[in-house]
Amino acid sequence: MPTHNLPRVSIITPSFNQAAYLEATIQSVLSQDYTNLEYMIVDGGSTDGSVEIIKKYASQLVWWVSEPDKGQADAINKGLARASGDIVAWLNSDDLYQPGAIWRAVVNMQANPAVGLAYADVHAIDAAGKAVNMITYKQYNLGDLLAFRIIGQPSVFMRRAILKQAGYLNLDFHYLLDHQLWIRMARLAGLKYVPEVWSAARYHPGAKNVAQPAAFGLEAYRILAWAETQPGLMEYTQANQRRVNAGAQRLAARYLLDGGAPRQALQTYFKALINDPGYTLQHGHRMLYAFACLLGLGKLLKLFNK
């Protein structure tokens, strides 16, 4: 790609009391080998030393602020409203970009001008930054998103023109706020999956998906109820009611299991099986693990599957 005509890329990092991980996040953005980059940090009024870390890098930021906000979506929206890039993304203050991620995102979006967003695979890392798992995806479409095929947010890059048409993050959603946005964007333009690793998502005790796993499943039901009222979405949900219901139930069951509630997880998986057996059985290994947990064999099965 010619370096003299690079599209501008805007990256926003929302931050609140994540000083333990924030500097690594910042460095993963600023070390990218991409020149036409604007980087903004929106801090929610941290009191743990995060502001001091941000100030160290202030000269390399287009803009930053530290002030109370209404939560993660509000913080990200503040940055998106200021973004001038053709391509935009946000990277949470405990996640990382892999080297070359922005270049690869730009290359793929330039090669696919009809898509509204591009996404890639994600490394799962622990609090110390050690890789513990690889999260891979496939080429999804709007129907897949409505059936709750989840895309790893740190590896998503969006075309700002499509984002503005879709609208920014909805402050009514707190756990699957990104997924609800992907659905709104996929209603307007296509998606592009790239089988590469662009980011690392950190799993630690303070992360929402670890600390509040059951809330993700509950929000899936709220998103489904919302989709059933939206032109351009309700037609699909009505025609594929069993699949989208199974998708929401399957996701809820997964998070119940992650939250240490295997009995409730199995009950929810059973509801999903009634709606769409084939789709639900793609989580067969998780169902087996839930059953093993009820028998007190969960730790043994986990060791066996390492």
Within segment 11-50, residues touching a residue at least 60 places away in the same chain (Cβ under 8 Å), part of a loop (DSSP other than H, G, I, E, B) and more than 19 Å from Arg160 (Cβ to Cβ) come out as Phe16, Gln18, Ser31, Asp33
The one condition Asn77 fails out of (1) buried (at least 19 other Cβ atoms within 10 Å of the Cβ); (2) more than 25 Å from His174 (Cα to Cα); (3) of a type outside the set (Ser, Thr, Tyr); (4) touching a Leu at 6+ places or on another chain (Cβ under 6 Å) is (2)
Matching residues in segment 25-40 (within 14 Å of Leu96 (Cα to Cα), of a type in the set (A, V, I, L, M) and buried (at least 18 other Cβ atoms within 10 Å of the Cβ)) number 2
Residues of segment 97-141 being surrounded by 15 or more Cβ atoms within 10 Å (Cβ to Cβ) and either among the hydroxyl-bearing types (Ser, Thr, Tyr) or not assigned by TED's automatic domain parsing to the domain that holds Leu22 (or both), in sequence order, are Tyr97, Tyr119, Tyr137, Tyr140
Leu181 fails exactly one of (1) surrounded by 20 or more Cβ atoms within 10 Å (Cβ to Cβ); (2) touching a residue at least 40 places away in the same chain (Cβ under 8 Å), namely (2)
Of the residues in segment 226-272, those that are surrounded by fewer than 23 Cβ atoms within 10 Å (Cβ to Cβ), among the hydrophobic types (A, V, I, L, M, F, W, C) and within 13 Å of Phe148 (Cα to Cα) number 1
Of those in segment 191-218 that are touching a Leu at 6+ places or on another chain (Cβ under 9 Å) and at pLDDT 95 or above, the residue nearest to Pro99 (Cα to Cα) is Ser199
Expected single match for closer than 26 Å to Asp172 by Cβ and of a type in the set (Ser, Thr, Tyr) among Ser28, Ser15 is Ser15
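The values are calculated or read from the model by the stated rules, or taken from the named source; none is laboratory data. The shown structure was predicted, so the numbers you read here are calculated from the model rather than taken from an experiment. As a convention, Cβ positions derive from the backbone with ideal geometry for all residues, glycine included, and neighbour counts pool all protein chains shown.
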